[in-house]
Amino acid sequence: MINLSISKIKNQSILPGFGLSLGFTMLYISFLVILPLSMVFFHTVSLGWKDFWDTISEPRVIASYKLSFGASFAAAFINVIFGVLIAWVLVRYHFPGKRIVDGLVDLPFALPTAVAGIALTSLYTPNGWIGQFLGFKVAFTPIGIIIALTFIGLPFVVRMVQPVLQNIDQEMEEASASLGASRLHTFIKVIFPELLPAILTGFALAFSRALGEYGSVVFIAGNMPMHTEITPLLIMTELEQYDYAGATAIATVMLIFSFILLFVINLLQWWTNKKFVHN
């Protein structure tokens, strides 16, 4: 049975040589992903457990963890709400300039993050175009960090939800409405279960992207230790001081937490697929 399955895969493959293609795939992934990540753990091991714990448990490092994870979660959550709304408008409505708006969604992908950081800082400083009208300080505060992370994470949610919305059969919504269901009830019972796996995936991608963001945040954050210093900046600071072991120790904690969170979110996505989509 296994041999028949492998033979079937080989026969259906467009590219010739299943074994060769798989070998190049694993080699490529090893050089780009596995080997660099393994070096992080390799440098961390050279510290020893006591030095490793002392490095990652410093109050300054703990404060950077709290800020990075908290701001990334808040930005990803905001993107889920407004990303679904934007995807809904782009799929369900036709209006002048729709293609321009659709293209603007991908702008954070193409725009250098440093440019985004400078632009956001100039907007939200106390004398900026937007900041001067606000009654509270945005730039050089955690709020400014959340805004920057929201900016760079928006496309992930929109582009994950948009194709799912396009594939939803509107006859299901019409049937729900004909049975007397309200618009809200139709959205919750008919549309939302279809969107939930894509929303979770978009949240995971936006969260992961925000967690490692540096360029767009470093300008608007202010980089004040214990207050607006994110973990990627702290890692860069350690590297500038030639403390490679300390930098990799901090990076290892971020890497482990990222793996755990992505694993949990993937489990939630699998659960929602099983519970809502296939039922």
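Taking first residues from region 221-245 that are at negative phi and in a helix (DSSP H, G or I) and partners that are open to solvent by 60 Å² or more (accessible area, probe 1.4 Å) and at pLDDT 85 or above, the Cβ contacts under 8 Å between residues at least 6 apart in sequence or on separate chains come to 221/140; 232/214; 233/214; 234/60; 236/214. Condition (residue is of a type outside the set (Lys, Arg), within 15 Å of the chain's Cα centre (by Cα) and crowded, with 19+ Cβ neighbours inside 10 Å) applied to region 239-248: is it met by at least one residue? No - not one qualifying residue is present in region 239-248. Where helices (runs of 4 or more DSSP H) fall wholly inside region 32-122, the ranges with 3 or more residues that are farther than 23 Å from residue 246 by Cα and either polar (S, T, N, Q) or open to solvent by less than 40 Å² (accessible area, probe 1.4 Å) (or both) are 59-92.
Note on region 124-152: residues that are open to solvent by 40 Å² or more (accessible area, probe 1.4 Å) and under 23 Å from residue 209 (Cα atoms) total 7. Screening residue 128 on (1) free of Cβ contacts under 8 Å to residues at least 24 places away in the same chain; (2) assigned to a helix (DSSP H, G or I); (3) under 30 Å from residue 232 (Cβ atoms) shows it passes everything except condition (2).
Tell me whether region 177-196 contains one or more residues that are assigned to a helix (DSSP H, G or I), within 28 Å of the chain's Cα centre (by Cα) and closer than 30 Å to residue 253 by Cα. Yes: one or more hits. Contact annotation: no residue pair with Cβ atoms under 9 Å, 6 or more positions apart or on different chains, pairs a residue in region 76-94 that is free of Cβ contacts under 8 Å to residues at least 24 places away in the same chain with a partner that is open to solvent by 90 Å² or more (accessible area, probe 1.4 Å) and outside any loop (DSSP other than H, G, I, E, B). Output the number of residues of region 153-171 satisfying the condition of being open to solvent by 90 Å² or more (accessible area, probe 1.4 Å) and either aromatic (Phe, Trp, Tyr) or over 23 Å from residue 79 (Cα atoms) (or both). The number of residues fulfilling the criteria is 2.
The values are calculated or read from the model by the stated rules, or taken from the named source; none is laboratory data. This is a predicted model, so every value here is computed, not measured. Here Cβ is always computed from backbone atoms with ideal geometry, including for glycine, and neighbour counts include all displayed protein chains. We work out accessible area using only protein heavy atoms, side chains counted, and drop any ligands, DNA or RNA first. Shrake-Rupley method; radii C 1.70, N 1.55, O 1.52, S 1.80 Å.
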